[in-house]
């Protein structure tokens with residue numbers, strides 16, 4: 001049960017990557033230009049940044065940033081995992097769908113979103129693998145514990161010989 005055994009590690013690492021989106025709430029102009037690589041000139045600044053578009057990036061940065069924080073917390077609090085995994089899948093799969101539907105690969109103005117696409121696609125695929133292993137979108141904690149403690153197929157537990165009986 002690979003996906004189940006390593007779910008907490010994935011939530012921690014990808015949660016940190018997701019939380020890095022707080023930069024869009026802290027310094028949206030810098031992030032839009034330097035991370036997303038959207039074109040910048042004075043006309044762009046006058047027609048984009050000054051028309052309230054900051055509001056969108058502040059909101060997006062906080063919303064996605066807190067999604068990352070909650071993913072990190074869920075890595076350590078098993079009771080949080082089912083709803084967090086479900087919501088993170090919905091949020092991240094939607095971002096992947098938007099990127100693909102907008103032909104992001106063919107649009108040079110969306111190349112800056114590629115790191116976001118990689119993280120979101122990875123989390124989405126991992127979540128699908130996890131749900132397939134658990135056979136449920138909302139697995140109960142006991143079934144997750146059982147699947148984490150189960151021996152992988154084809155491997156027998158290592159048993160060391162008792163030194164007193166071999167002598």
Here the qualifying pairs (Cβ atoms under 8 Å; residues six or more apart or on different chains; first in the stretch 40-65 and over 23 Å from residue 22 (Cβ atoms); second at pLDDT 65 or above) come out as 44/38
What residue, of 167, 90, 150, 121, is surrounded by fewer than 17 Cβ atoms within 10 Å (Cβ to Cβ), modelled with pLDDT under 65 and under 24 Å from residue 2 (Cα atoms)? 150
Qualifying residue in the stretch 19-28 (condition: over 22 Å from residue 89 (Cα atoms), at pLDDT below 85 and in a loop (DSSP other than H, G, I, E, B)): no
Pairs needed: first member in the stretch 18-29, touching a residue at least 40 places away in the same chain (Cβ under 8 Å); second member anywhere, part of a helix (DSSP H, G or I) and surrounded by fewer than 17 Cβ atoms within 10 Å (Cβ to Cβ); C-beta distance under 7 Å; at least 6 residues apart or different chains. 19/69; 24/60; 25/58; 25/62
Does residue 63 meet the test of being modelled with pLDDT of 90 or more, assigned to a helix (DSSP H, G or I), within 30 Å of residue 30 (Cα to Cα) and touching a helix residue (DSSP H, G or I) at 6+ places or on another chain (Cβ under 6 Å)? no
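The values are calculated or read from the model by the stated rules, or taken from the named source; none is laboratory data. All of these numbers come straight from a predicted model, not from anything done at the bench. Backbone-built Cβ (ideal geometry, glycine too); neighbour counts: all protein chains shown.
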